[in-house]
1. Which of the residues belonging to region A:281-307 are farther than 15 Å from A:PHE252 by Cα and under 31 Å from the mean Cα position of the chain (by Cα)?
2. Do we have any residue at all in region A:216-228 that's surrounded by 16 or more Cβ atoms within 10 Å (Cβ to Cβ) and modelled with pLDDT under 85?
3. Right, B:ASN13: within 14 Å of chain A (Cβ to nearest Cβ), in contact with a helix residue (DSSP H, G or I) (Cβ under 9 Å, 6 or more places away or on another chain) and modelled with pLDDT under 90 or not?
4. Give the residue that is nearest to the chain's Cα centre (by Cα), with candidates limited to residues of region A:8-32 that are buried (at least 19 other Cβ atoms within 10 Å of the Cβ) and either at the interface with chain B (Cβ under 7 Å from one of its Cβ atoms) or part of a loop (DSSP other than H, G, I, E, B) (or both).
5. Within region A:120-138, how many residues turn out to be in a strand (DSSP E or B) and buried (at least 18 other Cβ atoms within 10 Å of the Cβ)?
6. Would you mind stating whether A:ILE284 is at pLDDT 90 or above, surrounded by 16 or more Cβ atoms within 10 Å (Cβ to Cβ), outside the structural domain of A:GLU129 (by TED's automatic domain parsing) and in a strand (DSSP E or B)?
7. Would you confirm whether any residue within region A:156-173 is of a type in the set (Gly, Ala, Ser), without any contact (Cβ under 8 Å) to a residue 40 or more places away in the chain and crowded, with 16+ Cβ neighbours inside 10 Å?
8. Cβ-Cβ below 6 Å, separation at least six or inter-chain, first residue in region B:119-146 and part of a helix (DSSP H, G or I), second of a type in the set (Phe, Trp, Tyr) and at pLDDT below 60: which pairs?
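The values are calculated or read from the model by the stated rules, or taken from the named source; none is laboratory data. All values derive from a computational prediction rather than experimental measurement. Cβ placement follows ideal geometry from the backbone for every residue including glycine, while neighbour counts extend to all protein chains displayed.
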Amino acid sequence: MSSAEQIEARAAEWLVKKRAHESFSAEDQSQFDAWLAESWAHTTAYWRLSAAWDCTDRIGTLRPPRRNEDAGAARRNWRSTVRIAAVFIVALSLAAAGSRYFSTAKEKIYTTGLGGREVVTLTDGTRIELNTNTTLRIATGTPDRRVTLEKGEAYFDVVHNAAHPFTVLSEGHRITDLGTKFLVKSDPGRLKVSLVEGLARIEFVNEPVKAHGNLLKPGDVAIATADSISVSHAPTRKLNDELAWRHGVLIFRDTTLAEAVAEFNRYNDQKIVIADADAAKRKIGGTFTTSGVERFAEVVRIALGLDVRQRQNELFISTHTE
Amino acid sequence: MAEIPEASRDNQNPRFLGAAMSTPDLESWFIREVLPLEAALMQFLRHNWRNKSEIADLRQEVYTRICEAARKEIPHPPAKPFVFAIARNLLADRIRRNQIVSIEAVADLEALDVAVDQPGPDRNTIARDQLRRVQAALDRLPPRAREAVVLKKIEGLSVKEIAQRMGISENTVDAHLTAGVRALADMLYGDIADLRGAP
């Protein structure tokens with residue numbers, strides 16, 4: 001370990017002691033001061049880590065507000081005020097750095113990891129449910145309600161307000177709510193919008209807003225790419241199946257193994273690999289929890305009679321050859 | 001942000017006079033102007049110095065020299081030429097001191113002028129980019145460290161509550177947080193080769 005690394009390790013210990021614990025005594029403080037004062041190397045190492053520590057203040061909380069009803073409500077409310085204050089201060093200091101940034105600084109980022117699922121309730125009552133591996137940015141402080149889906153999938157239950165339309169931007173497209181519940185799934189270069197209730201409009205971001213754009217009605221599924229938007233209609237049951245993740249499950253009906261495996265791989269670190277084309281074409285039905293890779297593998301093995309093997313962190317599915 | 005209290009400003013240590021100056025200004029300048037250049041600085045050091053195990057020490061020495069020079073008067077922006085002039089001088093000093101007259105090193109040092117003149121991304125881009133990098137950095141932390149950092153920084157739990165939630169001791173929570181913040185700093189400021197545990 002180099003001396004710089006030792007200093008950084010010590011700086012990190014001080015940071016955690018000072019910033020993560022509630023008890024930092026006067027004696028701790030004077031020892032800390034003395035350590036900082038020993039050299040610029042100590043001081044800059046601490047500044048650097050402290051800046052990184054503060055950076056995470058800009059990430060929004062994913063906690064739905066209603067959880068505040070429990071015993072810790074007062075404390076959590078207080079903490080979230082501090083957090084909002086921190087975000088605001090960062091926004092202000094960034095504003096000082098460059099005015100153009102100000103508009104983009106007033107955004108909150110919400111994110112889920114692999115297998116994660118979170119609900120965000122906005123102040124207007126609009127609910128956004130984030131599925132696995134999803135990132136979205138919500139503009140704050142502007143009358144227009146604008147959400148950018150960076151990646152992943154989210155279900156929107158929008159409280160309609162004609163004066164302040166709710167828009168979702170993703171993959172070069174703009175979806176405008178006209179009183180809606182809808183699902184948006186964003187893959188690189190491809191966007192899928194499924195309308196559950198109400199009306200919405202989808203158009204290219206760089207086109208002007210048209211009153212008669214692609215209007216989506218309940219059951220409509222729009223597939224949008226960089227240069228095209230196509231709309232088809234799906235039966236209600238299929239839409240409900242697609243929304244099953246909101247309850248932590250995956251529903252397959254006559255689904256090819258290739259599609260089912262692709263779904264599981266969206267949620268789990270443990271990936272499933274299909275070794276041959278014959279196996280990929282087999283069909284499967286059933287309801288599984290999103291994390292139920294083992295159970296799924298068991299069903300594949302028993303019901304479809306396929307060979308399932310564990311190799312490192314991957315499950316290999318293949319047709320029996322021997 | 002002003003972590004340096006009054007007590008340290010009139011410290012008696014004659015070797016370290018830096019804290020006698022307006023340290024909060026220096027700190028905010030350092031975070032705002034110097035840290036965003038770290039990725040470029042690390043690339044430069046790695047490119048021009050053969051002994052990779054010394055890179056972390058070199059970076060530390062560059063930061064020390066920057067603060068020693070800037071504590072009298074904070075240089076006018078942009079900081080990039082200032083930072084790289086210091087880095088280049090440091091390498092030149094090391095080469096002289098070690099008496100390794102490496103032709104390669106000298107050649108690369110001369111080539112540095114070109115690199116410094118190239119305009120870097122403007123600060124707006126860096127700031128926007130950084131918001132995304134914070135998110136990506138959090139995502140890439142080792143799972144247990146990420147959990148501890150998220151519970152602390154985003155959910156605002158105490159260390160004791162985190163320990164209970166994760167079923168580990170408070171000391172282990174501290175260890176996760178310590179590792180977490182170091183990895184975060186590397187991912188936010190350093191370049192990709194700095195990532196701890198990267199192959």
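1. Those that are farther than 15 Å from A:PHE252 by Cα and under 31 Å from the mean Cα position of the chain (by Cα): A:GLU294, A:GLU298.
2. No: zero hits.
3. So B:ASN13 passes the test.
4. Once the filter is applied, the top-ranked residue is A:ALA20.
5. Qualifying residue count, region A:120-138: 8.
6. no
7. yes
8. Short answer, once both residue conditions are applied: B:ASN124/A:TYR101; B:ALA127/A:TYR101.
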